[in-house]
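In what follows, a structure is listed as structure tokens, so that the remarks can point back to it.
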């Protein structure tokens with residue numbers, strides 16, 4: 001027994017005339033769609049589908065965070081929650097287009113696997129623990145200051161071979177692909193001021 005795609009019922013339960021009426025070729029001829037590009041190929045299920053953005057309260061302009069291109073995005077919001085993200089056609093850079101990563105940026109905010117707390121595992125620890133953000137930032141700052149002081153190289157050599165370095169090789173930075181140009185600029189400026197010379201970004205690797 002064949003199952004009708006539109007109603008989910010078996011073809012034996014439909015009358016022959018009804019089956020004939022639903023025949024795609026006949027629909028193309030009788031519904032004014034001879035090439036099968038419009039009404040003839042629309043099922044009741046397709047006609048009942050609604051746009052994901054139809055019930056959004058507002059649209060917020062944003063920029064994709066994944067690379068340095070800076071594609072513009074339209075973020076659709078309902079009740080304070082993101083419901084959909086698509087390319088902004090008014091952007092002179094991307095003209096409404098997004099790559100697969102940019103099209104999936106909604107998962108950055110709404111993904112169930114996203115960590116929303118600072119996770120820390122102590123030296124020789126066997127499990128992770130949650131830390132307040134302020135405490136984690138203080139711990140990072142203390143480690144940066146201590147490492148910089150312990151590995152600082154102000155100069156190297158003696159006499160005519162003496163060279164001024166003012167650097168530390170004990171700290172390195174590897175940025176993530178979700179950092180935009182402005183954030184990378186500030187990170188590079190901060191690290192250069194600290195004497196860090198090993199600075200790279202995952203987006204270039």
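Looking at 47, 113 in this structure, which one is surrounded by fewer than 12 Cβ atoms within 10 Å (Cβ to Cβ) and part of a helix (DSSP H, G or I)?
From the options 47, 113, the qualifying one is 47.
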Is at least one residue of the stretch 81-100 touching a residue at least 60 places away in the same chain (Cβ under 8 Å) and either surrounded by fewer than 18 Cβ atoms within 10 Å (Cβ to Cβ) or part of a loop (DSSP other than H, G, I, E, B) (or both)? no
Subset of the stretch 52-67 [in contact with a strand residue (DSSP E or B) (Cβ under 9 Å, 6 or more places away or on another chain) and modelled with pLDDT under 80]: 52, 53
Test residue 129 against the criterion of being at pLDDT 90 or above and in contact with a helix residue (DSSP H, G or I) (Cβ under 8 Å, 6 or more places away or on another chain), and give yes or no. no
Scan the stretch 138-163 residue by residue and report those that are on the phi > 0 side of the Ramachandran plot and either in contact with a helix residue (DSSP H, G or I) (Cβ under 6 Å, 6 or more places away or on another chain) or not in a helix (DSSP H, G or I) (or both). 157
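The values are calculated or read from the model by the stated rules, or taken from the named source; none is laboratory data. Nothing here was measured: the structure is a model prediction, and the numbers come from that model. Ideal geometry is used to build each Cβ from the backbone, glycine not excepted, and the neighbour counts take in all protein chains shown.
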